[in-house]
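The structure appears right after this line, and notes come after that.
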Amino acid sequence: MKKIAVLGSTGSIGTQTLDVVRAHPELFHVSVLAANASDELLQQQIEEFRPELAVLSDEAAYGRLKSRYHGATELAGGRQAFIDAAAFGEVDTVVTSMMGFAGLEPTMKALEAKKNIALANKETLVVAGEIVMRRAKEQGVSILPVDSEHCAFFQCLQGEKRDSIEKLLLTASGGPFRGKKKEELAHATKEQVLKHPTWNMGQKITVDSASLMNKGLEVIEAKWLYGVSYEQIQVVVHPQSIIHSMIQFRDGAVIAQLGSTDMKLPIQYALTYPDRTTSDFERLDFWNMRDLTFEEPDTSTFKGLRFAYEAGEMGGSMPCVMNAANEIAVGAFLRDEIHFLDIYDVIEETMLKRPCILEPELEELFAEDAWARSFAAEFLRKR
């Protein structure tokens, strides 16, 4: 039985991870549950899965939970407790399903403790890909991708040599505004942005999908996971989201991974690899599948993807700066403080104003993240 820690257990990926565990109690034991501030949902999860440890990074939420819960699970609160949970005891695999830059420290803590990582927190590799991948190799642990696109690449590579890759074909749905131009998006509402056509995701990642920043983050993530150049990563808009991604090999052959739009499939594969386990996930019905279409992304209108390629090509600290600015801008949009297209202005201005550190140490990346957040917030205040 594999012992797992679920960091971000009350979020979209975290709850779906627990669905997988619920379906296979003979395969998994949840040793750690960790969340930010959703104390009531975390308590329900504790009572169902009975982990050895449960953590809330928000001190007030921890206080509320501690006043109500008196069971056998050890409780801890605060940011450091959340980080330390990644290295807990006999855990085999840590599912990093929290959002944003906040996932970097727990992931590094897990690597130091020689835990395998089921990686759903793409920002970890966006901001510190070289450092993270090097440390995983030094520690002899695996980083298994949970993102549907990167899990698709991983599956397509089974039995293949990585040096045979000619091109990674990274698919994108195009989001809710596919085909629209800048003037049509000037007054896009939050409701429109959050209405994704094919996937059911959390708010932040849904906004990133609409701006194509999410696909940009996945480009940088793919570069580090698979050791390819940016010239070898081609984004292909595929509105049906049936093909989760493809690999073109140096002999011209293309292998694709297809599946339903259900994140539980890549989650389960990451947790059971190298085995495949029976599931009741929705199956594709090829008799009723009419069209699979493909388009070039519009990076003039949806500049998030272009910014990510530019930051990735610059390398060093620039992806970290870009990511921090995006997190600040998306937060402001979700609070109805800025318009959708203003997100791009925040990212671009922040990237332009910060010199790139070419070979940053981990501590420098934390400083760059803090600077970019401060600059982006001040830029928004002055608008």
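For the stretch 1-159, what ratio Rg/Rh do Cα atoms give with a Kirkwood hydrodynamic radius? Answer for the stretch 1-159: 0.96. Take the Cα of Trp287, step 7 Å toward its Cβ, do the same at Glu47, and the gap between the two points is 4.5 nm.
What accessible area per residue comes out for the chain, rounded to a whole number of Å², with a 1.4 Å probe?
Accessible surface, normalised per residue, equals 44 Å².
Listed by chain and number, the aspartates and glutamates whose alpha-carbon sits under 20 Å from that of Lys66, ignoring those within fewer than 8 places in the same chain, are Asp39, Glu40, Glu47, Glu48, Glu52, Asp58, Glu74, Asp84. The fraction of accessible area contributed by carbon and sulfur in the stretch 1-94 is 49 percent, rounded to a whole number (1.4 Å probe; ligands and nucleic acids excluded).
Modelled this way, with points 7 Å down the Cα-to-C-beta line, the labels at Glu112 and Glu361 are 1.4 nm from one another. Indicate the gyration tensor shape class of the stretch 1-64 (rounded, prolate or oblate), computed on the Cα atoms with a ≥ b ≥ c the square roots of the eigenvalues: a/c under 1.5 is rounded; otherwise a/b larger than b/c is prolate and the rest oblate. Prolate, because a/c is 1.5 or more and a/b exceeds b/c.
Figure legend: label point modelled 7 angstrom from the Cα of Ser229 along Cα→Cβ; residues of the stretch 157-174 with amide N under 13 Å from it are 166-167. Relative to one another, the C-alpha centroids of the stretch 194-221 and the stretch 44-104 are positioned 27 Å apart. Taking label points 7 Å from Cα along the Cα-to-Cβ direction, Tyr69 and Asp19 give a separation of 2.2 nm. Of the complete DSSP H runs in the chain, those spanning 30 angstrom or more by Cα along the long axis with a mean Kyte-Doolittle score not below -0.5 are 362-382. A Förster distance of 41 Å, applied to the separation of the beta-carbon atoms of Ala253 and His187, puts the FRET efficiency at 0.35. Inter-part distance, the stretch 354-383 to the stretch 246-281, computed on C-alpha centroids, equals 36 Å. Filter the cross-link list Lys137/Lys264; Lys109/Lys195; Lys114/Lys353; Lys115/Lys223 down to pairs whose alpha-carbon distance in this structure exceeds 29 Å. Violating the 29 Å limit, Cα to Cα: Lys109/Lys195; Lys114/Lys353.
The values are calculated or read from the model by the stated rules, or taken from the named source; none is laboratory data. Every value quoted in this text rests on a predicted model; they were computed, and no experiment measured them. Every residue, glycine as well, gets a Cβ built from its backbone with ideal geometry; the counts of neighbours run over all protein chains shown. Just so you know, the surface numbers come from the protein's heavy atoms only, side chains and all, with ligands and any DNA or RNA stripped out. Shrake-Rupley method; radii C 1.70, N 1.55, O 1.52, S 1.80 Å.
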